[in-house]
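The next block holds one structure in the form of structure tokens; read it before the comments.
The values are calculated or read from the model by the stated rules, or taken from the named source; none is laboratory data. Model, not experiment: these values are computed from the prediction. Note that each Cβ is placed from the backbone with ideal geometry, even for glycine, and that neighbours are counted across all protein chains shown.
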Amino acid sequence: MGDIRLKELAGDFLGTRVEGRALRLELDRCLKTAGQVRLDFTGVSITQSCADELVGVAIAQAGQPLLDRLVFANCSLTVRAILELVISSRLLDNENLERTQRIREHVLESALPVR
Amino acid sequence: MGQHTFPRTLRYTSDDVLTFLGDVLGDYDDEVRCDAAPLTYLMPVGICCLASVCDDLHRRGQRVYFDNLAPHLDAFMERMDVFEHCHVEHDRTRVRRDHSDALLEVRRLDSEADVPDAARRLAATMTGHIMRGVRDEEDPEHMHAKPSEHLTSMLRYVLVELLENALTHARGVGYARSSVWVASTFYRKAREVRLAFVDNGCGFLNALRNHPQVRHSPSHRGAIQAALRPYVSGNPAVGILDSSSNQGIGLTISRDIAVASGGYVRITSGSASVRHGAAPERGMAHPVPWQGAVIDARLRRDDLLNVDLAKIAAAYQIGPKPKITFE
């Protein structure tokens with residue numbers, strides 16, 4: 001399992017989308033080599049924006065299968081609530097995205113000429 | 001040479017303040033003189049708006065003079081970088097006043113990369129100021145953060161979210177080079193923190209003009225009210241493809257932190273102001289619009305120490321509870 005200790009990488013307050021984006025690059029790197037990645041939030045506070053950039057954007061693209069590969073460790077009650085807020089909304093975005101793609105594929109298939 | 005007269009106070013975005021600032025901004029003479037004799041009181045939001053206007057004039061190559069500025073206000077401005085291009089004529093006949101409520105810091109930010117450091121410094125300075133004389137002990141059961149840590153975290157949360165919002169949304173629709181000014185003060189007697197965020201960008205209406213909650217009857221007031229609702233954003237879905245997305249929650253949660261502390265958030269953009277908290281929602285129309293956005297936040301120290309961010313965030317969770325592995 002990959003292990004990302006957020007405090008060591010980015011300090012005790014993860015605030016901006018810019019910071020979240022930098023951490024997501026590290027997360028992407030770990031996901032390429034490990035089946036599961038543990039994000040360790042020991043001593044860390046996070047904003048909704050940074051949490052969204054760190055995990056929300058990727059979950060909007062890849063949905064529950066990606067979420068199943070992530071373990072969130074040592075989260076305070078506040079960090080936990082913020083992660084739940086971000087992830088629940090991005091899972092809905094993922095459902096909408098997949099539905100849109102299915103409709104698009106269906107429309108394209110229907111439009112193909114019959115051989 | 002343009003001549004203008006300051007209003008009596010620069011406290012919030014009242015009509016007389018916006019009229020004065022609009023007149024100064026509309027003056028294209030090489031030298032712009034402002035008689036500061038009537039001015040007795042400055043608050044963060046007023047000083048940020050003034051800094052923004054003076055910066056615009058400086059960029060246009062104009063010289064700005066503040067004449068007859070009272071010594072207690074002069075002291076503020078002298079140590080603020082944002083007024084380094086303004087020329088101050090002192091009025092030595094006026095009496096100095098108590099500085100215990102001194103304005104702590106005003107900063108201009110031009111890039112998202114400036115946000116973490118600015119928020120960290122402002123929150124730390126404010127916490128140091130606020131916690132003087134307050135017991136700051138560890139919770140023996142380690143269930144809660146120390147009061148100083150909780151305060152710093154709350155302030156940083158609001159500062160980061162509102163600064164980043166301003167630097168991203170303000171830069172739409174032809175305002176790519178807009179800047180943001182931020183100022184903070186702690187009023188010891190009232191035990192309240194005032195934060196101000198001022199930008200000269202595209203404003204709420206332009207940022208949200210295409211949003212379904214705004215586009216049918218676009219107005220400045222409607223755009224501000226929509227922005228305060230959860231999940232309303234000018235660029236909500238972009239991130240699925242290129243990661244520069246926004247969920248439209250940052251402003252809502254920041255508003256809730258201020259309101260939960262017994263304070264309020266007041267937003268001015270274009271010709272409208274909307275205030276949430278501390279009293280029933282209040283809207284105002286202004287004869288002179290502000291190009292960009294002004295956010296004036298009041299947070300009460302004593303209740304801010306007890307604000308539960310987990311509870312605020314939980315209120316905006318949508319859809320079924322996600323299956324997340326916590327350990």
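Numbers below:
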| read-out | value |
| --- | --- |
| Exclusive hit being more than 7 Å from chain B (Cβ to nearest Cβ), surrounded by fewer than 16 Cβ atoms within 10 Å (Cβ to Cβ) and modelled with pLDDT under 95, set A:ALA34, A:ALA58 | A:ALA34 |
| Single residue of A:GLY20, A:GLY15 found to be out of contact with any Phe, Trp or Tyr (no Cβ under 9 Å at 6 or more places or on another chain) and touching a residue at least 12 places away in the same chain (Cβ under 8 Å) | A:GLY20 |
| Counted residues, the range A:1-24 - those being of a type in the set (A, V, I, L, M, F, W, C), more than 10 Å from every other protein chain (Cβ to nearest Cβ) and outside any loop (DSSP other than H, G, I, E, B) | 5 |
| Test: residue in the range B:186-195 that is closer than 22 Å to B:ALA124 by Cβ, of a type in the set (Gly, Ala, Ser), surrounded by fewer than 24 Cβ atoms within 10 Å (Cβ to Cβ) and more than 14 Å from chain A (Cβ to nearest Cβ) | yes |
| Residue list for the range A:58-82, restricted to those being among the charged types (D, E, K, R) and part of a helix (DSSP H, G or I) | A:ARG80 |
| Subset of the range B:54-75 that is under 14 Å from B:HIS87 (Cα atoms) and under 23 Å from the mean Cα position of the chain (by Cα) - its residue that is modelled with the lowest pLDDT | B:ALA75 |
| Residue under evaluation B:LEU39, criteria (1) assigned to a helix (DSSP H, G or I); (2) modelled with pLDDT of 90 or more; (3) under 22 Å from B:VAL182 (Cα atoms), criterion not met | (1) |
| Scope the range B:7-43; condition touching a Pro at 6+ places or on another chain (Cβ under 9 Å), without any contact (Cβ under 8 Å) to a residue 60 or more places away in the chain and not β-branched (Val, Ile, Thr); matching residues | B:PRO7, B:ARG8, B:SER14, B:ASP16, B:PHE20, B:PRO38, B:LEU39 |
| Number of positions in the range A:59-83 that are closer than 30 Å to B:HIS150 by Cβ and within 11 Å of the chain's Cα centre (by Cα) | 4 |
| Test result for A:ARG90, assigned to a helix (DSSP H, G or I), under 24 Å from A:GLY2 (Cβ atoms), of a type in the set (Lys, Arg) and within 7 Å of another protein chain (Cβ to nearest Cβ) | no |
| Out of A:LEU27, A:LEU39, A:LEU54, sole residue that is under 27 Å from B:TYR231 (Cα atoms), not in a helix (DSSP H, G or I) and not hydroxyl-bearing (Ser, Thr, Tyr) | A:LEU39 |
| Sole exception among (1) within 13 Å of another protein chain (Cβ to nearest Cβ); (2) surrounded by 19 or more Cβ atoms within 10 Å (Cβ to Cβ); (3) part of a loop (DSSP other than H, G, I, E, B) for B:LEU163, by number | (3) |
| So B:ALA279, is it away from chain A (no Cβ under 14 Å) and either touching a Ser or Thr at 6+ places or on another chain (Cβ under 6 Å) or more than 22 Å from B:LYS146 (Cβ to Cβ) (or both) | yes |
| Which listed residue, of B:ARG132, B:ARG171, is free of Cβ contacts under 8 Å to residues at least 60 places away in the same chain, surrounded by fewer than 16 Cβ atoms within 10 Å (Cβ to Cβ) and not in a helix (DSSP H, G or I) | B:ARG132 |
| Filtered residue count, the range B:174-194, keeping only those that are of a type in the set (A, V, I, L, M, F, W, C), in contact with a strand residue (DSSP E or B) (Cβ under 7 Å, 6 or more places away or on another chain) and either over 20 Å from A:ARG17 (Cβ atoms) or in a loop (DSSP other than H, G, I, E, B) (or both) | 4 |
| Scope the range B:135-152; condition in contact (Cβ under 8 Å) with a residue 24 or more places away in the chain and surrounded by fewer than 23 Cβ atoms within 10 Å (Cβ to Cβ); matching residues | B:PRO147, B:HIS150 |
| Residue match in the range B:228-239 (condition: crowded, with 18+ Cβ neighbours inside 10 Å, under 30 Å from B:PHE83 (Cβ atoms) and at pLDDT 90 or above) | no |
| Tally of residues being more than 9 Å from every other protein chain (Cβ to nearest Cβ) and either part of a loop (DSSP other than H, G, I, E, B) or of a type in the set (D, E, K, R) (or both) across the range B:287-314 | 9 |
| Test: residue in the range A:38-52 that is farther than 21 Å from B:ALA119 by Cβ, at pLDDT 95 or above, within 14 Å of the chain's Cα centre (by Cα) and within 8 Å of chain B (Cβ to nearest Cβ) | yes |
| The one condition in (1) surrounded by 10 or more Cβ atoms within 10 Å (Cβ to Cβ); (2) farther than 30 Å from B:VAL307 by Cα that A:VAL79 fails to fulfil | (2) |
